[in-house]
Amino acid sequence: MKKVGNHNSNSRKLFVSLALMLTFSLTSFAQDAAPADATEAPVATLGGDPVKGKELFNSNCAACHKLDAKSTGPALRGIAEKHDMPWMYKWVQNSAALIKSGDKAAVKVFEENNKVPMTAFPALSESNIDDIIAYTSEKKVEAPAAVAGAVVAGESNQSGISDTVILGALALVMAMLVVMLVLVNNVLRKVAKANGIVIEPKAKTTPIWKAFAQSQFLVLVSSILLLLVSAYFVYGFLMQVGVDQNYEPIQPIHFSHKIHAGDNEINCKYCHSAARVSKNAGIPSLNVCMNCHKSIAEVAETTATPEYSKAFYDEEINKLYAAVGWDKSSQSYTGKSQPVKWVRIHNLPDFVYFNHSQHVSVAGIECQTCHGPVETYELQKQFAPLTMGWCIDCHRKTDVKMEGNEYYTKIHEELSKKYGVEKLTAAQMGGLECGKCHY
Ligand code: HEC
Ligand code: HEC
Ligand code: HEC
Ligand code: HEC
Ligand code: HEC
Ligand code: HEC
């Protein structure tokens, strides 16, 4: 029984180190969580109420000012250190008058900002302005690094317990169970030893794979099973060759159709304007993006989801700026731009002819019929299989819109006589002819 003692000390070392490891990993979680709370506490340097101030700031000042970045006006965080409060009251209530009066600081700020006038706020009382300045004096909450949406997600969701903590706790419980089992085992062995009971080493049994190989029946059944399963997968694989339904590649900029076409109800054709008039729907150029994004440099707090944080989205908008060469701080183009290489999702083989305007403008089919509920897609994907059967199926079922289309009046008369029906499907109009879709 000498071996038992040996085994004992080894296992003890193992479990002590395991326990140490767990404690360390848990304390590092705790450290991660701590600073977020600490920095959120406002510095109470001023009499104002930062919560009221935030509201006032958002409704009056946010159009031109950000806390940490230049917008139309300068960044306002920590502005209390630059000017005293009496100056601030005069400035906010009527900056133009202050500049006119020849106040040196006012003239300097005005000239530094290309003489863009700031709105006067005679309605804001001095205590309102105290509140706003209290808000601008809050310390910056360090945004978590926006490397991966998933990592940040846990932290932004501060009300719930994060997954990592739950996993850590589970691991701890498991480890404790293991340790307890080993301890119980040791105690039992000791008791047995004390009582003079000799524990027999385990009798050698045939390993399970040997027993398996010896049974011809089992081997036969499992070979058949294996063949069936692989045949199933090979068939499935062959049927989806060239069919890329649900293909959802990672794009160079995380562009959410849900946020643009869904939440903000931007019309598909605003960006894919070519769909109405040409064969291709086209991907919008970055200039189209900048029509809006000159003034939208970050998303609202409410846009963040558990999966994607605000910091993640803001970083994606920064990628857009990097690509068009837009300098946020000076609000001007740097002239250094590089194209964004969007990954193409829908792609028919070269021998097929498909025309968007024919379907969108002439037939009046909604984008969603072929592309699915795009306004709900966080990431764009291929909704339809784009097989020949899919095209033909719809041509058989869909009636051609004849009303108000002079082009069709004559053809309609002839063809409806030929088929003896009032309505004509795309198929009856020639939508099944090979040459219409194949060059
Ligand atoms: C229409 C845009 C606009 C709005 C709205 C606006 N500002 Fe300004 N603000 C400016 C501009 C531009 C400047 C730079 C000075 C100039 O050109 O007149 C400025 C400058 C300032 C300064 C001086 C900054 C410095 O660096 O010294 C303070 C303080 C300030 N604004 C506070 C506010 C507050 C508080 C509000 C909301 C109640 C507000 N502003 C609303 C445009 C605006
Ligand atoms: C704000 C501009 C914008 C709006 C609005 C918009 N899209 Fe897009 N769309 C894009 C950009 C950029 C891409 C390329 C990146 C991607 O695939 O996500 C794209 C990609 C697509 C693709 C995939 C293209 C491919 O590679 O095969 C489809 C399909 C599409 N959009 C359909 C729609 C539909 C339908 C709507 C309306 C519900 C819509 N889009 C609204 C900008 C827009
Ligand atoms: C018609 C206005 C408009 C156009 C055009 C537009 N955006 Fe946006 N974009 C918005 C709005 C609004 C938001 C959301 C702001 C919020 O939630 O606070 C947004 C958010 C974003 C975001 C962060 C959320 C996300 O989707 O990941 C990115 C990145 C973005 N836009 C990129 C683009 C790109 C690239 C283009 C050009 C293909 C573009 N936008 C065109 C209005 C527009
Ligand atoms: C009848 C079905 C159908 C309708 C309706 C339709 N599309 Fe498409 N769309 C397709 C097919 C098929 C492709 C692939 C074309 C190819 O690879 O040549 C495609 C490709 C695209 C692409 C990729 C780029 C390109 O031009 O090939 C975009 C973007 C797109 N569609 C947007 C739209 C928008 C926006 C609408 C609505 C205005 C729309 N589609 C309506 C079937 C449709
Ligand atoms: C959602 C239904 C739908 C789907 C899916 C669809 N089509 Fe169509 N297609 C129509 C309708 C309706 C017309 C008749 C338009 C018209 O001329 O008024 C049409 C017309 C056409 C025409 C012109 C036919 C003619 O007689 O001039 C071609 C070519 C065509 N489609 C190709 C395709 C291809 C290729 C696909 C698959 C990639 C496809 N369509 C998928 C509904 C559909
Ligand atoms: C409504 C449009 C349409 C019509 C009409 C049509 N095809 Fe196709 N065909 C397609 C599309 C789309 C594909 C590509 C399918 C894919 O990539 O999986 C295709 C693919 C094919 C292929 C390649 C095999 C394959 O599945 O990739 C052959 C061969 C073919 N078609 C023959 C024909 C013949 C013959 C006719 C006339 C009887 C015809 N097609 C009529 C749209 C059409």
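The values are calculated or read from the model by the stated rules, or taken from the named source; none is laboratory data. Predicted, not measured: the structure shown is a model, and the values here were computed from it. Because the Cβ atoms are built from the backbone with ideal geometry, glycine has one as well, and the counts that use them run over all protein chains shown.
Here residue 324 clears all of (1) surrounded by 17 or more Cβ atoms within 10 Å (Cβ to Cβ); (2) under 18 Å from residue 376 (Cα atoms); (3) more than 20 Å from the chain's Cα centre (by Cα); (4) not small (Gly, Ala, Ser) except the condition numbered (2). Inside region 87-137, can you point out the residues that are surrounded by 15 or more Cβ atoms within 10 Å (Cβ to Cβ), in a loop (DSSP other than H, G, I, E, B) and among the hydrophobic types (A, V, I, L, M, F, W, C)? Across region 87-137, the qualifying residues are 118, 120, 121, 124.
Within region 71-111, if we keep just the residues that are of a type in the set (Val, Ile, Thr), within 41 Å of the chain's Cα centre (by Cα) and more than 14 Å from residue 133 (Cα to Cα), the residue that is nearest to ligand 5 (Cβ to nearest atom) turns out to be 72. Within region 276-295, the set of residues being surrounded by 13 or more Cβ atoms within 10 Å (Cβ to Cβ), free of Cβ contacts under 8 Å to residues at least 24 places away in the same chain and either under 16 Å from residue 253 (Cα atoms) or in the same structural domain as residue 162 (by TED's automatic domain parsing) (or both) comprises 284, 288. Looking at 376, 409, just one residue is more than 7 Å from ligand 5 (Cβ to nearest atom) and modelled with pLDDT under 80, and that residue is 409. Exactly one residue among 347, 264, 318, 287 is polar (S, T, N, Q) and within 16 Å of ligand 5 (Cβ to nearest atom), and that residue is 347.
Taking each residue of region 113-126 that is away from ligand 6 (no atom under 16 Å from the Cβ) and looking for partners that are of a type in the set (A, V, I, L, M, F, W, C) and in a loop (DSSP other than H, G, I, E, B) with beta-carbon atoms closer than 8 Å, six or more apart or interchain, yields 118/64; 119/64. For region 306-338, a tally of residues being free of Cβ contacts under 8 Å to residues at least 40 places away in the same chain and assigned to a loop (DSSP other than H, G, I, E, B) returns 5.
Answer yes or no as to whether residue 30 is surrounded by fewer than 16 Cβ atoms within 10 Å (Cβ to Cβ), modelled with pLDDT under 90 and in a loop (DSSP other than H, G, I, E, B).
Judged against the criteria, residue 30 is not a match.
If I filter region 257-274 down to residues being outside any loop (DSSP other than H, G, I, E, B) and within 14 Å of residue 288 (Cβ to Cβ), which single residue comes out as nearest to ligand 6 (Cβ to nearest atom)? If we take residues in region 257-274 being outside any loop (DSSP other than H, G, I, E, B) and within 14 Å of residue 288 (Cβ to Cβ), then 274 is nearest to ligand 6 (Cβ to nearest atom).
Residue selection: residue 150 fails the criterion of being modelled with pLDDT under 85, within 32 Å of the chain's Cα centre (by Cα), hydrophobic (A, V, I, L, M, F, W, C) and surrounded by 14 or more Cβ atoms within 10 Å (Cβ to Cβ).
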